[in-house]
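Visitor: Dropping the structure in here first, questions after.
The values are calculated or read from the model by the stated rules, or taken from the named source; none is laboratory data. All values reported here derive from a predicted model rather than from experimental measurement. Here the Cβ positions follow ideal geometry from the backbone for every residue, glycine too, while neighbour counts run over all protein chains shown. Note: accessible area is taken over every heavy atom of the protein model, side chains too, but ligands, DNA and RNA are not part of it. Shrake-Rupley method; radii C 1.70, N 1.55, O 1.52, S 1.80 Å.
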Amino acid sequence: MRDSDVRAAVRRKLNQKHCSDPSTRIVEEMGIWSGAARIDIAVINGELSGFELKSASDTLHRLPDQARLYSQVFDRVTLVVADCHLDRSLSTIPEWWGVCSAAPMKTSSRLALRLRRRARRNPNVDPLQVARLLWRSETLTLLERYGLDKGIRNKTVEVLASKAADSLPKRLLCLEVRKALKTRQDWLGQPICNE
């Protein structure tokens with residue numbers, strides 16, 4: 001079982017689940033922390049959900065760091081693992097993360113995904129890390145919309161992100177960031193029915 005097999009199985013499931021919602025966007029290899037980390041698949045709609053994939057040929061060495069980083073940004077995260085990684089991964093990820101196992105189907109060459117634990121809402125999203133998902137121009141537009149751009153228009157993206165995180169209620173900030181990510185042009189993701 002390769003990473004591409006797990007990815008194809010997850011994409012099929014997400015496409016089936018979200019294809020009737022044109023406002024949902026699926027992004028593969030979405031960068032966070034200014035691109036320092038990438039989640040395998042992100043789903044952007046009323047929430048920002050991440051899916052981290054671990055095939056049988058992967059190791060779990062990076063999973064503790066990935067869990068720490070993804071837990072600062074995503075509303076929900078689901079780990080999709082080969083059965084051989086299931087037990088060890090459960091002790092590595094937060095309790096609110098969901099877990100699916102991926103195993104070959106007996107009647108097909110495809111993989112079957114089995115829900116082992118449903119993802120719950122992240123209790124500790126970090127507003128600064130969420131604000132850092134925006135490009136500089138998007139952050140500036142957001143600050144302008146709420147009259148928060150005075151005296152900082154020429155500052156770095158880091159200063160702008162800090163201003164957004166410190167000035168906007170977390171719920172509003174997360175809503176605005178999701179809206180910007182869903183409408184972003186020339187990016188990795190596209191509406192799911194446009195494969």
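Visitor: Taking only DSSP H segments of four or more residues, each worth -39500 (n - 2.57), what value at 222 nm results for the chain once the sum is divided by all its residues, to the nearest 500 deg cm²/dmol?
Guide: Only helices count here, giving -10500 deg cm²/dmol.
Visitor: Which order do you get for Asp65, Asp166 if you rank them by accessible area with a 1.4 Å probe, largest at the top?
Guide: Sorted descending by solvent-accessible area, the residues read Asp166, Asp65.
Visitor: Pop out the carbon and sulfur fraction of the accessible area of the chain as a percent, whole number, probe 1.4 Å.
Guide: 50 percent
Visitor: May I ask for log10 I(q)/I(0) of the stretch 105-195 at q = 0.12, 0.26 Å⁻¹, from a Debye sum over the Cα atoms as equal point scatterers with solvent left out?
Guide: Treating every Cα as an identical point scatterer, log10 I(q)/I(0) equals -0.51, -1.28.
Visitor: So, one more: Suppose we take every Cα in the stretch 33-128 and form the convex hull; what volume per residue is that in Å³?
Guide: 114 Å³
Visitor: Let me ask something additional. When 1/r is averaged over all different Cα pairs and the result inverted, which Kirkwood radius in Å belongs to the chain?
Guide: Its Kirkwood hydrodynamic radius stands at 17.5 Å.
Visitor: May I pose another question? Simple spin-label model, 7 Å along Cα-to-Cβ: Arg118 to Glu158 in nm?
Guide: 4.2 nm
Visitor: Still on this structure, I have one more. Count the net charge of all other residues whose Cβ sits under 12 Å from the Cβ of Arg117, scoring Lys and Arg as +1 and Asp and Glu as -1.
Guide: Once all neighbours under 12 Å are counted, the net charge is +4.
Visitor: Could you give each residue of the stretch 32-44 its phi-based ³J(HN,Hα) in whole Hz, using Karplus coefficients 6.51, -1.76, 1.60 with θ = phi - 60°, and x for Gly or Pro?
Guide: 10, 6, 6, x, 5, 9, 9, 8, 4, 9, 10, 10, 10
Visitor: Additional query: Taking just the C-alpha trace of the stretch 16-81, give me its Rg and Dmax in Å.
Guide: Rg, Dmax (Cα atoms, Å): 12.3, 37.
Visitor: Under a point spin-label approximation (7 Å from Cα along Cα-to-Cβ), what is the Ser20-Asp126 distance to one decimal in nm?
Guide: 3.8 nm
Visitor: Total Lys pairs in the chain closer than 17 Å by alpha-carbon, pairs eight or more apart in sequence or interchain only?
Guide: 4
Visitor: Looking at the chain, what % of its DSSP beta bridges pair antiparallel, to the nearest 5?
Guide: DSSP beta bridges in the chain are roughly 65 percent antiparallel.
Visitor: Ok, one more. When ranked by the protection proxy of mean other Cβ atoms within 10 Å per residue, highest first, what sequence do the peptides 80-87, 145-152, 117-124 form?
Guide: 80-87, 117-124, 145-152
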